[in-house]
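Structure, as structure tokens:
The values are calculated or read from the model by the stated rules, or taken from the named source; none is laboratory data. Computed from a predicted structure; not experimentally measured. Note that we place each Cβ from the backbone using ideal geometry, even for glycine, and neighbour counts take in every protein chain shown. Accessible surface is based on the protein model in full, side chains and every heavy atom, while ligands, DNA and RNA are left aside. Shrake-Rupley method; radii C 1.70, N 1.55, O 1.52, S 1.80 Å.
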Amino acid sequence: MTKSEIAKLQAYMRRTFANTNIRLTAMKTGDTAEVFIGEESIGVIADDKEDGDDSFVFRMAILDIDLEDV
């Protein structure tokens, strides 16, 4: 994932979720970026190039213990 793609995705997520604390950082594998809100990692975005289409997949795990405060 390029720096340009990461910047565009970060801007998109900040707009979509109305949260300027969202930050993306490139991971060692070239096709993924880690998503943070503040200092907390909330998920991973992966580049999904399939059949000539370029899309991105956001994966976020929600643990059962995270739901206890709800």
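Checking every one of the chymotrypsin sites (Phe, Trp or Tyr not before Pro) in the chain against DSSP loop status and a limit of 12 other Cβ atoms within 10 Å picks out 17.
In degrees from 0 to 90, rounded to the nearest 10, what is the angle of the helix 3-16 Cα long axis to the longest principal axis of the chain? Tilt relative to the chain: about 40 degrees.
Sorting 45-55, 25-35 by average packing, meaning the other beta carbons within 10 Å per residue, from highest down gives 25-35, 45-55.
Spin-label pair residue 37-residue 65: with each label point 7 Å from Cα along the Cα-Cβ axis, the two points sit 1.9 nm from one another. Summing Lys and Arg as +1 and Asp and Glu as -1 over all other residues whose Cβ lies under 15 Å from the Cβ of residue 15 gives a net charge of +3.
Helical runs assigned H by DSSP (4 residues or longer) give the chain a calculated mean residue ellipticity at 222 nm of -6500 deg cm²/dmol, each run adding -39500 (n - 2.57) before division by the residue total. Here the accessible area is traced with a 1.4 Å probe on the protein chains. For the chain, carbon and sulfur cover 54 percent of it.
Accessible surface area normalised per residue over the chain is 77 Å², counting heavy atoms of protein chains with a 1.4 Å rolling probe.
Magnitude of the Cβ-charge dipole of the chain, K/R +1 and D/E -1, about the Cα centre, nearest 20 debye?
Values: 8 positive and 15 negative charges, 100 e Å.
Using Cβ point charges on Lys, Arg, Asp and Glu, the chain gives about 480 debye.
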